[in-house]
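**Student:** Have a look at the structure that comes next, please.
The values are calculated or read from the model by the stated rules, or taken from the named source; none is laboratory data. Every value quoted in this text rests on a predicted model; they were computed, and no experiment measured them. Cβ sites come from the backbone with ideal geometry, for glycine too, and all protein chains shown count toward neighbours.
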């Protein structure tokens with residue numbers, strides 16, 4: 001006998017991501033064992049050469065940074081042009097803890113995460129009150145100032161123009177040498193997955209729904225009685241800490257810190273990755289990161305080793321040229337990014353497009 | 001004392017540069033909510049155009065420098081018109097998309113310049129007059145700096161006169177206050193916007209030649225560095241307010257110059273950011289902005 005409570009359970013429609021996701025994960029895990037020629041796509045001679053693995057690990061680090069940024073940009077709708085402050089900050093704090101203060105790896109990691117979290121809080125409290133355009137400019141100015149401080153190196157700890165190199169003393173045995181490229185690779189993979197999972201759960205939590213609501217119409221959320229500043233601050237700090245974590249991975253993969261990671265160009269790169277991959281779709285950032293790392297690292301090498309005459313060769317080896325053009329094309333005609341193109345736009349209202357920056361209610 | 005004077009003159013001329021960039025930005029944003037991150041490219045291309053003109057003579061006179069300035073002004077305006085027609089026109093009211101597209105454009109242009117012209121700084125030949133030294137209160141000031149200040153003041157006055165005393169200026173001021181109402185009154189505000197945008201481009205281009213005089217050399221990323229602080233100036237002064245932009249430009253430049261010199265290079269930039277955050281906390285619409293920026 002059926003009761004009114006016997007609501008028939010609808011079956012979830014099968015989604016391709018159920019297969020593609022685990023498959024990609026599997027490929028990611030076994031990549032270091034794949035002894036196949038890399039055909040110029042990866043820097044090493046084979047797919048599992050140390051150079052190739054580190055290249056992929058670098059993409060993982062950027063993917064982590066991009067996913068963290070997607071939390072504030074894609075979900076909470078906050079356009080911040082200064083995410084390099086947190087990502088680069090994580091890289092530098094880790095490197096400084098290792099090289100200047102000689103802390104061990106885990107303690108260095110903790111230092112990076114905690115300090116960046118505090119920085120995000122201190123920065124966020126005044127600046128999150130301001131709306132879209134002004135907020136973007138303040139974050140840009142912050143990242144710019146941070147970049148200058150790193151280069152000028154007033155306390156003599158950042159290594160200035162040259163950056164810091166990790167001597168490896170602070171790293172455990174299994175991460176030190178070239179032969180341990182596999183372990184670095186797996187570490188990067190694991191951290192990227194951790195960031196993905198945290199971001200995934202955070203954006204699906206009740207707080208995550210509030211973020212999306214704030215993105216759509218902050219005034220309405222306020223009228224409903226919620227303190228939007230608290231929610232924005234939460235997204236902001238979480239995003240910063242995850243970016244710092246990605247930064248720690250970057251430092252390990254690249255064996256140090258360099259001035260790029262704290263620069264405005266890096267913040268723009270993260271922005272490009274998120275747009276290319278798909279705003280509001282976390283896995284899109286992973287795809288975007290691979291495109292970016294390929295374009296900025298491999299493309300110049302491929303161009304310079306081919307026979308394109310100067311000055312065209314010089315122009316084409318500027319990574320920002322193809323990236324910038326593709327970026328513009330995507331913003332104009334495919335604002336949902338690659339994820340949007342794959343999933344078909346319109347499937348997801350609101351998260352596929354670019355939301356207007358939320359205004360502070362007058 | 002002479003150090004203070006040198007720093008002060010430096011601040012005023014740097015402020016003039018920021019104002020040249022910022023005035024166009026503040027009017028564009030105030031009028032049509034348009035953000036143009038490629039504005040730095042206008043400055044850079046203007047600088048290179050001026051450079052190309054100046055390279056025609058081994059020792060440029062002041063008239064030839066003025067010719068170069070005119071060339072950079074025209075180049076800036078033309079580039080602005082092209083970009084407005086090709087990109088901005090499709091993106092009215094989509095602030096995020098504009099910001100991103102113009103960021104992309106800025107970097108594409110930068111990449112093209114770096115690729116074709118290489119990143120090496122090129123000495124900007126300013127000629128004997130501008131490089132001559134003037135003594136003020138014991139400080140040795142290059143005449144070029146004073147000229148920049150003069151140009152800045154003249155441009156400021158001209159813009160204010162234009163806004164207050166011409167019909168176009170009236171439309172622009174009204175549009176900044178309430179563009180919907182202006183359109184409802186039957187005035188095509190888009191044409192005024194194209195004028196404003198082209199004007200901004202021209203000023204940025206002129207700023208390019210002035211930047212060449214100020215720094216003594218030019219390079220492809222010249223515009224980007226100045227642009228960031230120009231945005232700070234625009235936000236601090238209040239979008240839509242030219243006077244606010246001028247005041248903020250002076251504040252930012254002075255703060256940068258003095259703090260960078262006395263405390264440490266880079267600290268000035270940091271203090272500027274703190275200043276900006278402070279101003280926004282107290283007055284979210286900027287110093288002289290009309291309303292809280294609700295986009």
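**Student:** So which helices (runs of 4 or more DSSP H) stay within region B:89-184 end to end and still have 3 or more residues that are out of contact with any strand residue (DSSP E or B) (no Cβ under 7 Å at 6 or more places or on another chain) and buried (at least 16 other Cβ atoms within 10 Å of the Cβ)? Break it down into steps so the answer makes sense when it comes.
**Tutor:** On the way: elements: B:95-117, B:127-131, B:143-165, B:167-177, B:179-184.
Where helices (runs of 4 or more DSSP H) fall fully within region B:89-184 and carry at least 3 residues being out of contact with any strand residue (DSSP E or B) (no Cβ under 7 Å at 6 or more places or on another chain) and buried (at least 16 other Cβ atoms within 10 Å of the Cβ), they are B:95-117, B:143-165, B:167-177.
**Student:** Here's another thing I want to ask about it. Filter region A:116-131 for residues that are crowded, with 19+ Cβ neighbours inside 10 Å, assigned to a helix (DSSP H, G or I) and within 21 Å of the chain's Cα centre (by Cα) and give the result. Walk me through it before giving the result.
**Tutor:** Step one: of region A:116-131, the residues crowded, with 19+ Cβ neighbours inside 10 Å are A:116, A:119-120, A:123-124, A:127-128, A:130-131.
So of that shortlist, the ones also assigned to a helix (DSSP H, G or I) come out as A:116, A:119-120, A:123-124, A:127.
A:116, A:119, A:120, A:123, A:124, listed by residue number.
**Student:** Out of A:246, A:251, A:262, report the one residue that is touching a strand residue (DSSP E or B) at 6+ places or on another chain (Cβ under 9 Å), surrounded by 24 or more Cβ atoms within 10 Å (Cβ to Cβ) and in contact (Cβ under 8 Å) with a residue 12 or more places away in the chain. It would help to see each step written out before you state the result.
**Tutor:** Numbers: A:246 fails: touching a strand residue (DSSP E or B) at 6+ places or on another chain (Cβ under 9 Å); A:262 fails: touching a strand residue (DSSP E or B) at 6+ places or on another chain (Cβ under 9 Å).
It is A:251.
**Student:** Name the one entry in B:16, B:68 that is at pLDDT 90 or above and either under 21 Å from residue B:172 (Cβ atoms) or crowded, with 22+ Cβ neighbours inside 10 Å (or both).
**Tutor:** Numbers: B:68 fails: at pLDDT 90 or above.
Matching residue, one of B:16, B:68: B:16.
**Student:** Next question. In region B:197-210, what count of residues is obtained for those that are closer than 20 Å to residue B:105 by Cβ and surrounded by 23 or more Cβ atoms within 10 Å (Cβ to Cβ)?
**Tutor:** Step one: of region B:197-210, the residues closer than 20 Å to residue B:105 by Cβ are B:197-205, B:207-208.
If we keep only those that are surrounded by 23 or more Cβ atoms within 10 Å (Cβ to Cβ) too, we end up with B:197, B:200-205, B:207-208.
Qualifying residue count for the region: 9.
**Student:** Residue check, residue B:228 against (1) touching a residue at least 12 places away in the same chain (Cβ under 8 Å); (2) surrounded by 15 or more Cβ atoms within 10 Å (Cβ to Cβ); (3) under 15 Å from the mean Cα position of the chain (by Cα), all met but one. Which one?
**Tutor:** Condition not satisfied by residue B:228: (1).
**Student:** Working only within region A:128-138, note down all residues that are at pLDDT 85 or above and closer than 21 Å to residue A:216 by Cβ.
**Tutor:** If the condition is that a residue be at pLDDT 85 or above and closer than 21 Å to residue A:216 by Cβ, then A:128, A:135, A:136 are the ones that fit.
**Student:** Moving to a separate point now. What's the total number of residues in region B:239-295 that are crowded, with 22+ Cβ neighbours inside 10 Å, assigned to a loop (DSSP other than H, G, I, E, B) and facing another protein chain (nearest Cβ under 10 Å)?
**Tutor:** 5
**Student:** Go through (1) surrounded by fewer than 18 Cβ atoms within 10 Å (Cβ to Cβ); (2) outside any helix (DSSP H, G or I) and name the single condition residue B:36 misses.
**Tutor:** (1)
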